[in-house]
Structure formats: C-alpha cells, structure tokens
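Engineer: Structure provided below as structure tokens; questions to follow.
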Amino acid sequence: MCGRFTLTVDPAQLQDAFNDYTFPPKFAPRYNIAPSQPVLAIPNDGRNQADFFIWGLIPMWAKDPSIGSRLINARGETLAEKPAFRGSLKYKRCLILADGFYEWKTVAGKKSKVPYFIHMKDRKPFAFAGLWDSWNSPDGSQIRTCTIITTEPNELMSILHNRMPVILHPRDYSKWLDESPQTPDALKPLIKPFPAEAMDAYPVSPLVNKPANDRPELIVPA
C-alpha cells in the first residue's frame, strides 16, 4: 500500500527530470500528501502536460464519490479483473509525480509502527504508475481523480511492507502514456518492483502520522 508521499522539488527541478512534459509554473512543496488531496499527475490525453488530480479514483460510472477513499491504490495483479480499474487501465493511464513516499514498519517492542521515508538514492523525482478517470458531479462540475498501482515489494521494501508502489523507469513513460487503448498483456512488463539498489529508506518522526503536518522536518532522519 502507498498511503502518503512527497513532492518537495521546485518546478525547475521537476522540469529538468521530466523534460518532455510541461508543468504548472508554481506549486508548493508537499511533505505529506494524503488521500483525497490534490496530486500532480500527467495523464495520457496527448497534451504531455501535468495537472492536479484528486488522489482516490472515482470511476466515471460511480453514483457515490465516497468510493474514491477506498481506491487510493490498485493491485497491479488484478487490474484487468476489477470494474473500477479495467477501463482506466485500457484507456486512462497517468504518471503520478513524487520524490519520496512513506511506509510504516512493525518493530518488536514498540506499540506503534515506525514510519520510514523511501526515496531514490540520487534524490531525483520519479513517477508512480497511475490510473485516472473523470467523474461528473450532480452540480455539473467534473472531478479528475487517480490511483497509484502497487506490486510485490523489492528487497528493500519487503523489510517494511508486503507491497510497494509501481515506480516507472523513465524509458517507459511514453509507453505508459500512449493514448491508444492498451491490453493488460502489453502493460504487464511495466508493472513490476523498481530495483532496490536505486532506492534508500530511513526512519522518520511520527509527526508524519497526521496528514495536517506538512513541513520539511517530516523527512529528517529520526
């Protein structure tokens, strides 16, 4: 599961890492992005442009938008089987931008799980494999939402949790963002654990447990 993540880099750094795409000129650094909040994502709509989506997928056919709170993650192994995800897997994929994420580890002798911050060793931003959809609310407004795909953990993540978010290699961005309909078999090679040797993790303050806390000290080693 991926339930919190960060995007702390400025627009210039993000543009440098994702130079084929365009971004909003200004956005605030985020140290504790939580479900139901806006996340920066690049949809496969042909514009190659990042925009803000609400985290928690609301399928276009949903009658109740509260379903989004239960669809912040999507298991990669069963995407094609689930009504909430199979249409988006075929037609509506996105890159969800981040530069780190949190996971909570059970530690012997401690009552509470210990939060860990996971990032790339080179500290560069990266992209989760995501799905998106548009939902029309009763008042006529359109809400664009997304979910993060998960997979089995790599060697680093297996110490912390039994799942991890799918992180795409830059060479696979264009394939994931292809506007044409894609089959599950065509996308399956991309839905895999990211190499553990490129990642690092360390414990951080339990302040991250509260979504209202959103400041730099959350990613300082504990």
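None of the figures in this text is laboratory data; all of them are computed from the coordinates on show. As the structure is a prediction and not an experimental result, all values here were calculated from the model. Note: ideal-geometry Cβ built from the backbone for every residue, glycine included; neighbour counts use all protein chains shown.
Engineer: Among the candidates SER141, SER137, single out the residue that is touching a residue at least 12 places away in the same chain (Cβ under 8 Å) and surrounded by fewer than 21 Cβ atoms within 10 Å (Cβ to Cβ). It would help to see each step written out before you state the result.
Structural biologist: Numbers: SER141 fails: touching a residue at least 12 places away in the same chain (Cβ under 8 Å).
Unique residue meeting the criteria: SER137.
Engineer: Could you tell me which of the residues THR145, THR106, THR150 is among the β-branched types (Val, Ile, Thr) and more than 19 Å from ARG75 (Cα to Cα)?
Structural biologist: THR106
Engineer: Does segment 47-55 contain any residue that is among the aromatic types (Phe, Trp, Tyr) and surrounded by 15 or more Cβ atoms within 10 Å (Cβ to Cβ)?
Structural biologist: yes
Engineer: Looking at segment 37-83 only, could you name the residues that are assigned to a strand (DSSP E or B) and either free of Cβ contacts under 8 Å to residues at least 12 places away in the same chain or within 13 Å of GLY3 (Cα to Cα) (or both)?
Structural biologist: VAL39, TRP55, ASN73, ALA74
One line per residue, one yes/no per condition, for (1) of a type in the set (Lys, Arg); (2) closer than 17 Å to MET199 by Cα:
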| site | (1), (2) |
| --- | --- |
| TRP55 | no, no |
| PRO83 | no, no |
| MET120 | no, yes |
| LYS124 | yes, yes |
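Engineer: Let me ask something else. Going residue by residue through segment 158-167, is there one that turns out to be outside any loop (DSSP other than H, G, I, E, B), over 22 Å from ASP214 (Cβ atoms) and without any contact (Cβ under 8 Å) to a residue 40 or more places away in the chain? Step through it out loud before you land on a result.
Structural biologist: Here is the first cut: in segment 158-167, the ones outside any loop (DSSP other than H, G, I, E, B) are 158-159, 164-165, 167.
Next, from what is left, pick out any that are over 22 Å from ASP214 (Cβ atoms): 158-159, 164, 167.
Among the residues that remain, those that are also without any contact (Cβ under 8 Å) to a residue 40 or more places away in the chain are: 158.
Yes, that holds for at least one residue.
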